[in-house]
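The values are calculated or read from the model by the stated rules, or taken from the named source; none is laboratory data. Computed from a predicted structure; not experimentally measured. Counting neighbours? That spans all protein chains shown, and the Cβs are built from the backbone with ideal geometry, glycine included.
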Amino acid sequence: MIKSISNQWNKGDLSAPEWKYQSEDLPLANPRIGWVQHVAVSDELGHFRYDQPIVTCLPGTVCIAVDAQRNIALLRHFRPIVLDLDTTPEFPISQFDKLGVESLEFPRGGANPGELIEAAAAREVEEEVGFQVIDVKILDRSNADTAFFPISAVTCVVTINRNQRSSTDPDPHEDAEVIFVSQQEFCKLIASGKVICCQTKAAFLSYLIYTNRGVLPSVLRDIELVEAEAQHHIESMPTPP
């Protein structure tokens, strides 16, 4: 099981890195996963404003795997690069033993070359959750960080048959426990701070709206009413002379 990270990737019996330096403008690249690029941002007149990295990953999907009772599959991962909320951050990070948290997340992953996103979603769920996929529906797209990620992930609802194990071999890079929770239990996990993955939270919101068939849950209806009242107030204001 993955439990830690280190910046000493080239010592001992560790293999050569998959991420390789290419150039100043393409500092790191891994054909299996993506690229880190160094770009310049300019205004509408072409004047330089700032430079920054952008992280381009292969197109992928976030999967909400549900069974016949609408229980939702979550993966309990240990994410070795995430800073614990109780740890005071220092930059650049030097104490790698201070990193690492347990994270509850939806299955997700990139599509293989030429693979349709629905097929990628089915494969990811069968590899990571371990049950036969019955159906895949595309809901929408979400972006983990619009400042740094050009490509958005596709949110899919994947219906599974928990009476039939998947014939797909597990992903050797995945090492996670699978649990099933109801919508209400999922909401309690979010409220207790046990779900920190923003893509999982965004996908769950899309799923709530999808499962309510356009009838928003009460908390969302309240927000919608506030917005409608605000818009009515704006429209009723006198026109400036």
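Figure legend. Inter-residue proximity from region 44-59: first residues outside any loop (DSSP other than H, G, I, E, B), second residues surrounded by 10 or more Cβ atoms within 10 Å (Cβ to Cβ) and of a type in the set (Ser, Thr, Tyr), beta-carbon distance below 7 Å, spacing 6+ or different chains. Indicated pairs: PHE48/SER42; ARG49/SER42.
The set of residues from region 19-42 being surrounded by 15 or more Cβ atoms within 10 Å (Cβ to Cβ) and polar (S, T, N, Q) comprises just one member, GLN37.
Would it be correct to say that LYS98 is in contact with a Ser or Thr (Cβ under 6 Å, 6 or more places away or on another chain) and over 30 Å from ASP25 (Cβ atoms)? Answer is yes for this residue.
If the condition is being at pLDDT below 80 and among the acidic types (Asp, Glu), then region 1-52 contributes only ASP13. Of the residues in region 69-84, not one is hydrophobic (A, V, I, L, M, F, W, C), touching a strand residue (DSSP E or B) at 6+ places or on another chain (Cβ under 8 Å) and in a loop (DSSP other than H, G, I, E, B). Answer yes if at least one residue in region 71-79 is among the aromatic types (Phe, Trp, Tyr), surrounded by 11 or more Cβ atoms within 10 Å (Cβ to Cβ) and assigned by TED's automatic domain parsing to the domain that holds PRO150, and no otherwise. Yes, region 71-79 contains at least one residue that is among the aromatic types (Phe, Trp, Tyr), surrounded by 11 or more Cβ atoms within 10 Å (Cβ to Cβ) and assigned by TED's automatic domain parsing to the domain that holds PRO150.
Taken over region 164-213, residues that are part of a loop (DSSP other than H, G, I, E, B) and either modelled with pLDDT under 90 or over 20 Å from THR61 (Cα atoms) (or both) amount to 16. When we screen ALA176, ALA147 for residues that are touching a His at 6+ places or on another chain (Cβ under 6 Å), closer than 24 Å to ASP84 by Cβ and either of a type in the set (D, E, K, R) or touching a residue at least 24 places away in the same chain (Cβ under 8 Å) (or both), the only hit is ALA176.
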